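The values are calculated or read from the model by the stated rules, or taken from the named source; none is laboratory data. Here the structure is a predicted model, which is why all the values come from computation and not from measurement. Every residue, glycine among them, receives a Cβ derived from its backbone with ideal geometry; neighbour counts consider all protein chains shown. Please note that ligands, DNA and RNA were not included when accessible areas were found on the heavy atoms of the full protein model with its side chains. Shrake-Rupley method; radii C 1.70, N 1.55, O 1.52, S 1.80 Å.
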Amino acid sequence: MHFQLVLMMQAIWTGVCHAAMQHYPAAWGHYDVCKSQVYSDEGLTWDYMACQPEAADMTQFLKVTLDPPNITCGDPPETYCALENPYMCNNECDASTEELAHPPELMFDIEGRNPTTFWQSTSWKKYPKALLVNITLSWNKTIELTDDIVLTFESGRPEQMVLEKSLDYGRSWQPYQFYATDCLDAFTMEPKTVQDLTQHTLLDIICTEDYSRGYVWKYDKTVRFEIKDRFALFAGPRLHNMASLYGQLDTTKNLRDFFTITDLRVRLLRPATGATMVDENNLSRYFYAISDIKVQGRCKCNLHANSCVYDKEKLSCECEHNTTGPDCGRCKRNYQGRAWSAGSYLPIPKGTANVCIPNNIGPVKCNCNPVGSVSDRCNGTGYCICKEGTTGPKCQECLPGYLWDNGCKSRVCDNELLRCQNGGVCENNIRCNCPSAYTGLLCEKPRCESELGGCKGPDSGQAPLRPPPLCSLLTLLLLASALLTEASCWSAVL
């Protein structure tokens, strides 16, 4: 019975430990706390950690721009035919009628409506001139992508498309990915998929044919830019090893910049045609229509904030760690005692806050321990000035070899190595309590040595050294002579 109970307890403990291990990444992976109060020798104090906002649907904060501006259908009203059936021409677009209008805002409204809402372009009525559309999404804020970018088309996926990013608010653009039914023909690039990438080629720009082929447009509507598959190259297929990913993001600036944007641009170059040849007699079959764009991410706050606010049509971080700016990208005034630095994901799980510290401009009170520090003011680096043997951010701890006794004092004795001598007793490792006749750090000196007359004086506490009396000497000589005589007699007998 006892053995069964032990096995049951062992199984329960193993299950609890296993569950804790499984949930561990979720506990630290978010970096959602910037600081917490902890107890120290001087009471409550702040412990600072790297932090970042939670991921969110970033499409609710963007501004959308179309180029050319008059590319949206409905002005003038127009009738469209179905791509898969050129004789089904009952779809009307009219910008002046709400039920028939398809403005760009419908790419970001609530999904699940019936009928589906979507933005729609004009038809390819100017064929063979290319039907080109640029859809620009701007946040006026740096964003860190956390999940796949997904576009849902209602008109068939385009046969040629480019997804681009900007890191400087639209002043310059770099391609994220090319999409085509034939990558070699469209962009002179070998077709690849994200599965062809490795840790060393993750930043490569590829052209994929996965999201452009296929005429069954009712079932193949989405076009993706795979963020999580790229994360998985470091974090594993199910993103269980986020520590590895965070370590790479922390130490490789190009990798972190790859997933950071201020703007996205969708360049639509050729609509779905469903065939090798364009039906020039029915160009109203060819257009672009997008029902949804998903962009999941978080405000970039350089690991100095755990929340981001949207006010007056602008996103900004609510900065901690004495930082300021839209991205917490600089130190606050009077907190520039050292150069600003972004927070760090390492060491896991709390990271490093890299808090901005006060300037050395006038006395700045740091709440230093008054007993362990020279002053309650900071020095030029923003730290307390500690007395000899004292350490810690507030001078509240002792260095090795010192013990706290209303301040750090040198360690004098202990009960193993530095023993008190001559019957002394070690008290609190800081002094020997000596018998009355001895003194010194370890009771190693007779007290009489420091008294008048030394250890030979009448008041020294020790008996004086005197020569033995004459009679005692004569007694010792007679005893020695008798012993020698007896020894000689025994030798003669033998």
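Once amide H atoms are placed 1.01 Å from N in the peptide plane, what residues at a sequence separation of 5 or more from SER307, or on another chain, have their amide H within under 5 Å of its amide H?
The list, which skips near neighbours in sequence, is GLU318.
Sort 79-90, 348-359 by the packing proxy (mean of other Cβ within 10 Å over each peptide's residues), most packed first.
348-359, 79-90
Please give the FRET efficiency for ASP210 paired with ASN134, using the beta carbon to beta carbon distance and R0 = 30 Å, rounded to the nearest 0.05.
0.85
For GLU449 and LYS253, FRET efficiency with R0 = 56 Å and r from the beta-carbon atoms, rounded to 0.05?
The value I calculate is 0.20.
Which sequence of LYS125, LYS141 reflects their accessible areas, 1.4 Å probe, from the largest down?
Sorted by accessible area, descending: LYS125, LYS141.
In the stretch 113-235, carbon and sulfur make up what percent of the accessible area (probe 1.4 Å)?
In the stretch 113-235, the share of accessible area belonging to carbon and sulfur is 48 percent.
So between GLU84 and LEU441, what do we pick up on full extension, going 0.36 nm a residue minus the alpha carbon distance?
Result for the pair: 118.5 nm of gain on full extension.
Residue by residue through the stretch 435-442, what is 3J(HN,Hα) from phi via Karplus (6.51 cos²θ - 1.76 cosθ + 1.60, θ = phi - 60°)? Round to whole Hz and write x for glycine and proline.
x, 4, 8, 10, 8, x, 4, 10
Among TYR48, TYR246, what's the order by accessible area (1.4 angstrom probe), most exposed first?
TYR48, TYR246
Please state the shape class of the stretch 129-285: rounded when a/c is under 1.5, otherwise prolate if a/b exceeds b/c and oblate if not, all from the C-alpha gyration tensor.
It comes out prolate by the Cα gyration axes.
What spacing in nm lies between the two simple spin-label points modelled at VAL150 and LEU184, each 7 Å away from Cα in the Cβ direction?
3.3
Determine the alpha carbon to alpha carbon distance for each of LYS332/LYS394; LYS35/LYS387; LYS35/LYS312; LYS141/LYS253; LYS141/LYS332 and list only those over 26 Å.
With Cα atoms farther than 26 Å apart: LYS35/LYS387; LYS35/LYS312.
Taking a threshold of 23 Å on the Cα-Cα distance, which of the pairs LYS63/LYS192; LYS300/LYS350; LYS192/LYS300 fall above it?
LYS63/LYS192; LYS192/LYS300
From the mean inverse distance of alpha carbon pairs (Kirkwood) and the Cα radius of gyration, derive Rg over Rh for the stretch 43-85.
That ratio equals 1.45.
At 7 Å along Cα-to-Cβ for each site, give me the label-to-label distance between ARG330 and ASN281 in nm.
Spacing of the two 7 Å Cα→Cβ label points: 6.7 nm.
Order LEU163, LEU233 by their accessible area, 1.4 angstrom probe, all chains in place, largest first.
LEU233, LEU163
With the calculation restricted to Cα positions, what are the radius of gyration and Dmax of the stretch 42-144 in angstrom?
Answer for the stretch 42-144, Rg first and Dmax second: 21.2, 83 Å.
Keeping all protein chains in the complex and leaving out DNA, RNA and ligands, what accessible area do you get for TRP139 with a 1.4 Å probe, in Å² to the nearest 10?
For TRP139, the solvent-accessible surface is approximately 10 Å².
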